[in-house]
Structures are given as structure tokens and as C-alpha cells.
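What follows is a short report on a single structure.
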Amino acid sequence: MPKGVNMAAVEALLARIESGDAQDPLVEWVTSGAGEVGAFDLDDALVAVEAARRMGLGDRLQQAKASGPKAVRKAAGRALHSMKSQGQAVPEVLRAQTTWSLEPEATELPAPVGLLGLVQSDGYFPFIMVATGHEGACVCAGVAGAGRGYQDADHAHVGRGRAREIIADARRDHALVELPFHVALNLVERAFDEGGRGSPHGWSHMLESVPDATRTASRVLDPLQRQTDVFDRAALNDIEPLLEGKNRIVFGLDEQASGPAVEECAAALTSPVMTNANDRRARIASIVKVATTEALAGAARDTWILAMDVVAVIGAVNEDEPLRVAARQTGLALREGLDGGEIPFFRVWVERQLAAVTEMIMSIRSEKAQR
């Protein structure tokens, strides 16, 4: 533990960085180098230095080592030594030039923007990521998910004005939600990593204009660190926020999984042997449970774990607590290894789909029989 540093204050600062608190001067210094660390209260300065060390921001530590009180310089030196001993890259200190030249005109670049949408019926979620450099903006958009990483991804290099239009359209027409950029980056790159196909073409172009501190924050800060890790079976049953309303999430049962289950449901409903209504309901419930469990086998489970994490984060940003809790508990249930048929959200959607398709199939067969 670094000497004389309030570790609780360090954790609190990292949490504020994760939430994107742009009004906090400590957050601003750690993430962008704005301000002078030596101008802070000594305790705050030491906390900022330790946060920079945890995030691997060697350039920020070099900045601190060259300024402020002796205690701050020594803390920055120790932090840099710690990074080197752990094999982390440490930027070199730029030496003063012996010749002079005109400084380029300072240009303030817009902060990168990350927008995510609620998940589709296959567990994939839409994204638009925009980062602006001196030559213009790079926009990356597509649909991401843990199963295959991404679908329909593309990128474009546009002017700043066009980038602003794209962002406005995404918020207005496509109901995408703006998240702190490092949070959106974490979730989208997690999909790419879990999909195993790498990132789509153009992604690296966009990242070239993302500040190093932001990219580091996306790697070291967990978007769900403020959300509970405690699985609550009672809360798991409160799925109304996921099933209804403008933020409704749909779980789609693919045809390969639904086909055999539909035939079993039709057989149960038309069986000359199974005439008791309670027996038929019990049989249908068993079919639904098995079909749901099979639908969430393999990669589908990982896809929906990430999907529910995305919904939980969007719920938190939108201050939609019922949606956040329902998504978080459904995601934790998947992580706990519960069979799909034991998780209400998925079971209800499978039951609805099987009932609708079975009714349609039986109606078509009845019409054919009457001809």
C-alpha cells in the first residue's frame, strides 16, 4: 500500500472516473492531464497519483513527477518504478529542445461518443462509436454480441458536422443511449473478444483518435462494479420491466429449436390419451422448460449474459431502476448456471412463442383436413 495514501479515497476517485464525472478536477487531471496536480490539496494529489498508477497512466505520472510538492514528486517516482518493475511501458520524459519553433495552433477536439441500444431478440445490441481527430471523425457502427462478436459492422470517415448529425439521429430516431465512452467501449470490445473474431474493419481507425486514458479506463474499470453481485431468486421473478413497455426485451427462439418443441406441444394438445386439462398443462410446461434450457446452451448463454449486462448498464444510465434490477438478476442467474427453464424471463418468452406457433400450425392442419 502506498505510504500516506487514503485508499478509500482512491477507490472513490476510480468510481467517479468510471461514471464520467466531468465536473471533478481530480477526474479531469487523471483522464486528460488538465490542470496542475501540484495545485491540489496534498492528500488529493496523492490520491490522484495512485489512481493514475492503477490505470497504468505513465504519462500522467511523469507529469506529476515534474511538478508540485516534493511528496507528490516522490509518490509519482515510486509509482513509475512500480510500473517498470511489473513490466509496464513507461513513456520517456521529453527533453527540452535546443532550437525553437512556432507552436501549432491548439485545437480542442470533441470528446469521443459511445451510444448503445437495447438488445435484439438474438441477444445482440446496436452500437455507434464516434471519435474525432485533427483530420475529421471516424464513425463505427454495427451490432455486437458475444456469440459471433459482431454483425453488419461498418465504418466511415466524416467531417465533424456530419458526425454530430449521426449522433443526433441515433439518439432521436434509433433510441440509442449515450454512455460514458469508456463504458460503451468496454462492452463493445468485450463482445468482440468473446466472439473470437477480432474487431471489425475500421475499428482500429476509430481508436486512433481515442485518448490513451480513455482506452485505459475501458480496460481497468468494470462497467458493473457499482451493481450488486448478489443473486436474489425473489428479484429474479420480477420480470415485468423486461417484458413490457418501451424498453421491452424479446428473447427469440430460433426455428431449429422451436420446430421439435412445436410438434410436441401439438401432440400433447391433440392426444387422445391425455384428455385431462391439468395433465396437458403439465406436459406443455415440461416441453417449454426443456426447450428453454436447450435454447440457452453453449454460446447462447454467453451472448445473453453480455446482453443483460448491457441492459443493466443502460437501465442505470437512464435511471430506470426496475429495468436495471430485472436485467442484472437475470444476468446473474445465467452466471450462476441455472438451467434456462428455471429463469422466468426466458421461459415466459419461449412459452409465448410456442403457444403462438403451435396454434397457427394446428389451425392450418385443421383447415387442410376439412377440405
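The values are calculated or read from the model by the stated rules, or taken from the named source; none is laboratory data. For clarity, every value in this text was computed on a predicted model and none was experimentally measured. Neighbour counts run over all protein chains shown; Cβ positions are idealised from the backbone, glycine included.
Quick notes on this structure:
So that you can scan it fast, the table gives a plain yes or no per residue for (1) under 33 Å from the mean Cα position of the chain (by Cα); (2) at pLDDT 85 or above; (3) under 23 Å from S218 (Cα atoms):
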| position | (1), (2), (3) |
| --- | --- |
| G33 | yes, no, yes |
| E50 | yes, yes, yes |
| S67 | no, no, no |
| K70 | no, no, no |
| S82 | yes, no, yes |
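Here is a yes/no grid of residues against (1) assigned to a loop (DSSP other than H, G, I, E, B); (2) within 21 Å of M362 (Cβ to Cβ); (3) under 21 Å from the mean Cα position of the chain (by Cα); (4) touching a residue at least 40 places away in the same chain (Cβ under 8 Å):
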| position | (1), (2), (3), (4) |
| --- | --- |
| T228 | yes, no, yes, yes |
| F231 | yes, no, yes, yes |
| D238 | yes, no, no, yes |
| P241 | no, no, yes, yes |
| G245 | yes, no, no, no |
| R248 | yes, no, yes, no |
| F251 | yes, no, yes, yes |
| S258 | no, yes, no, yes |
| A268 | no, yes, no, no |
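- Test for A291: is it among the small types (G, A, S), more than 17 Å from the chain's Cα centre (by Cα), crowded, with 24+ Cβ neighbours inside 10 Å and assigned to a helix (DSSP H, G or I): yes
- Odd one out for D193 among (1) modelled with pLDDT under 95; (2) within 17 Å of the chain's Cα centre (by Cα); (3) among the charged types (D, E, K, R): (1)
- Restricting segment 28-82 to residues that are in contact (Cβ under 8 Å) with a residue 12 or more places away in the chain and among the basic types (K, R), the residue that is surrounded by the most Cβ atoms within 10 Å (Cβ to Cβ): R60
- Some residue of segment 296-305 being more than 25 Å from R197 (Cα to Cα), under 38 Å from the mean Cα position of the chain (by Cα) and crowded, with 21+ Cβ neighbours inside 10 Å: no
- The numbered conditions (1) out of contact with any Asp or Glu (no Cβ under 7 Å at 6 or more places or on another chain); (2) under 28 Å from G149 (Cβ atoms); (3) modelled with pLDDT of 95 or more are all true for Q329 except (1).
- Selection status of T214, modelled with pLDDT under 95 and touching a Pro at 6+ places or on another chain (Cβ under 7 Å): yes
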